[in-house]
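For reference, the structure is listed below as structure tokens.
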Amino acid sequence: MQFVGSKILIVLHGSIGDVSRALPLANLLRKAYPEARISWSIEPAAFPLVENHPAVDEVLLFDRKRWWKSLLPFLERVRSGHFDLVLDLQRILKSGLVSRYSGAPIRLGFHRLDSKELNWVFNNFHIEFAGENISKLFHYFKFAEFLGMGTAPPEWKITCSPQEEKNVTQRLHGVGERFAVFFLGARWESKRWFPYQAALSASEVHKRFGLDIVLLGGAEDVPLATEFENYQIVPVKNFVGVNTLRESIAMLARSKVAVGPDTGLMHLCAAVGIPVVSLWGATNPLRTGPFSFDHLVLQGKADCSPCYLRKCSIGRICMQSIEVRDIVAKVEMALGQGG
């Protein structure tokens, strides 16, 4: 279908990983409709990814923590945008409500069989069925295909400010130019990496390749980082809970390789072109793996994997099964020293 209009709303309040994978679609929209006003409806966690992004003219921020106060003013702001086209990229009830409340004549969402929580009811156009074995990034590209825009190699265009780059330079004082980033946390308990496993892996990477070790993560990951440091296996610079999201992106962009589980930082590595050795258990890398680094995936072994459960009752056997030697081999491959 050919879209004729000037005001476009992207609805995606999801995780950092989801929002980062939708940025290439926003860039396609900007290229196809250079004069259009593109807005993005989002929540605070991923807001830094779209703030001042060249493809986004306006950000509609929903304060989820105070939803009882913010919901109606937020919806009224959406309605007042008089959007011609809404792209509902989240496929759940909440995003469907935002899409419908916009009053846009074209509300494009996922196919009924790919959506959840009756999301499809709120949209009047739907992309074709794709299933769960397509990566989310290319699933988002189906919206571009539906609109007759075609596709192109993904571009993220995430940039950091001079002040953010300066902050990162100061914090990395004493860290060598060649360093590896390790991250342990994830929103789901079932996806988190064990600190002792991570410490052993970091030690081997440091010894084998001469890379300094940097830890990244959010404030919620501080206990994991502290446990990692308590093993005192290798010197480490710990920036967990210290950096802003954009400062972490700037650090990732300067690293040589990153290692960690299925979480937002993994996708941000792909966004800035840094090879990431990704560790998988509860989720499926076919669906949510990092773009262009599928050869660096390590899938844990367990009869129940992938289970898609937020919490694990059997000790994350899948994550425990990932061997240090396999991680080191993937790091070697990422550095261009392996097969």
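The values are calculated or read from the model by the stated rules, or taken from the named source; none is laboratory data. Everything quoted here is computed from the prediction, not taken from an experiment. Reconstructed Cβ throughout: ideal geometry from the backbone, glycine too, with neighbour counts over all protein chains shown.
Does segment 268-290 contain at least one residue that is among the hydroxyl-bearing types (S, T, Y), assigned to a helix (DSSP H, G or I) and modelled with pLDDT of 95 or more? Within segment 268-290, not a single residue is among the hydroxyl-bearing types (S, T, Y), assigned to a helix (DSSP H, G or I) and modelled with pLDDT of 95 or more. Counted as qualifying within segment 11-111 are the helices (runs of 4 or more DSSP H) with 3 or more residues that are touching a residue at least 24 places away in the same chain (Cβ under 8 Å) and under 26 Å from T263 (Cα atoms), namely 16-32, 47-50, 93-102. Among the residues of segment 193-214, those that are surrounded by 24 or more Cβ atoms within 10 Å (Cβ to Cβ) and within 20 Å of D262 (Cβ to Cβ) comprise W193, A198, S201, A202, V205, V214. Selection over segment 192-231 of residues that are small (G, A, S), assigned to a helix (DSSP H, G or I) and under 25 Å from the mean Cα position of the chain (by Cα) gives a count of 6. Considering segment 71-111, and only residues there that are crowded, with 19+ Cβ neighbours inside 10 Å and touching a Lys or Arg at 6+ places or on another chain (Cβ under 6 Å), the residue that is nearest to F138 (Cα to Cα) turns out to be F110.
Using the structure shown, decide if A152 is crowded, with 20+ Cβ neighbours inside 10 Å and under 21 Å from Y33 (Cβ atoms). Taking the combined requirement at face value, the residue does not satisfy it. Kindly indicate whether any position in segment 35-45 is at pLDDT below 95, crowded, with 16+ Cβ neighbours inside 10 Å and within 25 Å of the chain's Cα centre (by Cα). Within segment 35-45 (the criterion being at pLDDT below 95, crowded, with 16+ Cβ neighbours inside 10 Å and within 25 Å of the chain's Cα centre (by Cα)), the answer is yes, since at least one residue qualifies. Return the pair list, or none, for Cβ contacts closer than 6 Å from residues in segment 190-206 that are charged (D, E, K, R) to residues that are buried (at least 23 other Cβ atoms within 10 Å of the Cβ), at least 6 apart or on different chains. Listed pairs, sorted by first residue: K191/P261; K191/D262; K191/A282; R192/G185; R192/A186.
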